[in-house]
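In what follows, a structure is listed as structure tokens, so that the remarks can point back to it.
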Amino acid sequence: MDYLAIAVALVVVTASSVAIHLLARVRRTQPGNLPPGSLGLPVIGQSLGLLRAMRGDGGSRWIQDRIDRYGPVSKLSLFGKPTVLLAGPAANKFLFFSGALSTRQPRSVQRILGEKSILDLHGADHRRVRGALLEFLRPDMLKAYVGRIDGEVRRHLEENWAGRATVTVLPLMKRLTFDIISALLFGLERGAVRDALAGDFVRMIEGMWAVPVNLPFTAFSRSLKASGRARRVLQGITLEKKKASQAEEEQGNGKASRNSDLITCLLGLTDGHGERLLTDEEIVDNAMVALIAGHDTSSILMTFMVRHLANDDATLAAMVQGK
């Protein structure tokens, strides 16, 4: 027992010494002209407090509390990175109109979505990728997708809504949104691959706003593994579509139609010299971003729309009559 007590005491003393050393090192490396506030514990910072507030729908209150305490400009640490919180009209003007700043995602998001995504590109590379993505979103191309979206919606309603007295709308809207995105972006038909990708997508989302600690039991670790699996699926789809396009060209059928899905569209884009506009890595990374970007906003909007119609008989009747 004496040996055990001594061992425990040594562990405690060692851990305390390391913690004190890290905190002292952080304080020593901070310049003297930083705004008020605290960076908190290394890596963790204020991430846990923000995540708790967001889960309880108190994100705005959490931010306002910091503004009340430190003023409109303060320092903190979120998701492993030193951060500056700016608030107010002057801060917004500086942020959006100043050339001194450029957007950059936290390292945790980069590791999940990839480093060649439009979220982290600047200058000519950003314009090149943005132009390629906008090619897929041209009005004439969007018209071609209406029929496919309609088919996904009809199947979804038949399988999940028809004959049921009550439904839980938000999870169903999230799955419907994912199915539509999978069909339009990747040309991925219903089946085991799409179902597996849907599960990995949920795990990816969970880890994007988690403390970036890559340990087996953490949400961030699960998200990284899910991202790896999703990336392999998209890489396989990209390779398959590239081979199909090359086969069509060799058979004299010309280039494959770019209207079928995002990956096919991006594979078919070339610059003024006939070279491909995007690399395979850029296509996969930006397909990952596109998968994430419209999911929550679209599903939540549709959920509120259904809620409104369920509580407004007049509007629902007018829509049914005008169909």
Taking the stretch 157-184 on its own, how many of its residues are among the aromatic types (Phe, Trp, Tyr) and over 25 Å from residue 289 (Cα atoms)? 1
Which is surrounded by 12 or more Cβ atoms within 10 Å (Cβ to Cβ) and part of a helix (DSSP H, G or I), of 227, 260? 227
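Any chance you could count how many residues in the stretch 169-188 are without any contact (Cβ under 8 Å) to a residue 12 or more places away in the chain and either in contact with a His (Cβ under 8 Å, 6 or more places away or on another chain) or of a type in the set (Lys, Arg) (or both)? Talk me through it step by step, then tell me what you get.
Our first condition is that a residue be without any contact (Cβ under 8 Å) to a residue 12 or more places away in the chain; within the stretch 169-188, this holds for 171.
From what's left, either in contact with a His (Cβ under 8 Å, 6 or more places away or on another chain) or of a type in the set (Lys, Arg) (or both): none.
Total satisfying the criteria: 0.
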Any hit, the stretch 83-90, residues being under 23 Å from the mean Cα position of the chain (by Cα) and modelled with pLDDT under 85: no
Taking the stretch 164-205 as the search range and keeping residues that are of a type in the set (Lys, Arg) and assigned to a helix (DSSP H, G or I), which one is farthest from residue 300 (Cα to Cα)? 194
Failed criterion for residue 120 (all others in (1) touching a residue at least 40 places away in the same chain (Cβ under 8 Å); (2) touching a Lys or Arg at 6+ places or on another chain (Cβ under 8 Å) hold): (1)
Which of the residues that make up the stretch 204-249 are among the hydrophobic types (A, V, I, L, M, F, W, C) and free of Cβ contacts under 8 Å to residues at least 24 places away in the same chain? 215, 217, 219, 244, 247
Conditions (1) surrounded by 13 or more Cβ atoms within 10 Å (Cβ to Cβ); (2) closer than 21 Å to residue 110 by Cα; number of the one not met by residue 160: (2)
Just give me the residues in the stretch 167-217 being hydroxyl-bearing (Ser, Thr, Tyr) and buried (at least 18 other Cβ atoms within 10 Å of the Cβ), in sequence order. 177, 182
Residues of the stretch 237-246 being closer than 14 Å to residue 281 by Cβ and surrounded by fewer than 20 Cβ atoms within 10 Å (Cβ to Cβ), in sequence order, are 239, 242
Please note which helices (runs of 4 or more DSSP H) are completely contained in the stretch 38-148 and include at least 2 residues that are surrounded by fewer than 18 Cβ atoms within 10 Å (Cβ to Cβ) and assigned by TED's automatic domain parsing to the domain that holds residue 201. 123-136
Answer yes or no as to whether residue 285 is assigned by TED's automatic domain parsing to the domain that holds residue 137, under 17 Å from the mean Cα position of the chain (by Cα) and not small (Gly, Ala, Ser). yes
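The values are calculated or read from the model by the stated rules, or taken from the named source; none is laboratory data. It should be emphasised that the depicted structure is a prediction, and the values quoted were computed from it without experimental measurement. Because the Cβ atoms are built from the backbone with ideal geometry, glycine has one as well, and the counts that use them run over all protein chains shown.
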